[in-house]
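What follows is calculated from the coordinates using simple rules that are stated; it is not laboratory data. Predicted, not measured: the structure shown is a model, and the values here were computed from it. As a convention, Cβ positions derive from the backbone with ideal geometry for all residues, glycine included, and neighbour counts pool all protein chains shown.
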Amino acid sequence: MVMGYMFCLSAAFVLAKFVRDKQSDSRQSAGDTPMWRFVVWGGFAIAMALTGWGLLSMDINPTYKAFLGVSWMYMITTAFTLAKMLRDKHESDLAAAIYSARAVRSEPRNQDVSNAQERV
């Protein structure tokens, strides 16, 4: 189950990145071919299907199966949420850096204008 969980976890992060990149970039990048789309979605589907099959075919108590199933679904949900949160933080930091760079770049111009006004 640990291998299945890790496979699902990595596939969820790859899928989250793929979907987010697709939304943020309207033009198609070089690595965003139909085959890559198939690999990303197919990998996620295979990971989920094989992990589900492994969980259902395990010879353990149904209570443990239910616990493992709920844990698995929670892990997948959390992976997508974490990927979104990290990407939003990155975009926020990038926007703040751009805003800061523009503010620093515009300060000397404002000082030059105020110096010119003082001279007049």
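Considering only DSSP states other than H, G, I, E and B, which trypsin sites (Lys or Arg not before Pro) in the stretch 1-103 qualify as loop sites with at most 12 other Cβ atoms within 10 Å? List each step's numbers first, then the result.
Working: sites: K17, R20, K22, R27, R37, K65, K84, R87, K89, R102; in loops: R27.
Answer in residue order: R27.
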Would you mind ranking Y74, Y5 by Cβ crowding within 10 Å, fewest neighbours first?
-> Y74, Y5
Going residue by residue through the stretch 78-89, the Karplus relation 6.51 cos²θ - 1.76 cosθ + 1.60 with θ = phi - 60° gives ³J(HN,Hα) values, rounded to whole Hz and with x marking Gly or Pro, of 5, 4, 5, 5, 5, 4, 5, 5, 5, 5, 4, 5
What nm value, rounded to one decimal, do you get for the distance between Y64 and A49 when each label is placed 7 Å out toward the C-beta?
-> 2.7
Straight-line reach from K89: which lysines have a Cα under 23 Å away, not including same-chain ones fewer than 8 places off?
-> K17, K22
Phi angles of the stretch 61-75, converted by Karplus (6.51 cos²θ - 1.76 cosθ + 1.60, θ = phi - 60°) into ³J(HN,Hα) in whole Hz with x for Gly and Pro, give 4, x, 5, 5, 4, 4, 4, 5, x, 5, 4, 5, 5, 5, 4
Tell me, what HN-Hα J-couplings in whole Hz come from the Karplus equation 6.51 cos²θ - 1.76 cosθ + 1.60 at θ = phi - 60° for each residue of the stretch 37-48, using x for Gly and Pro?
-> 4, 5, 5, 5, 5, x, x, 5, 5, 5, 4, 5
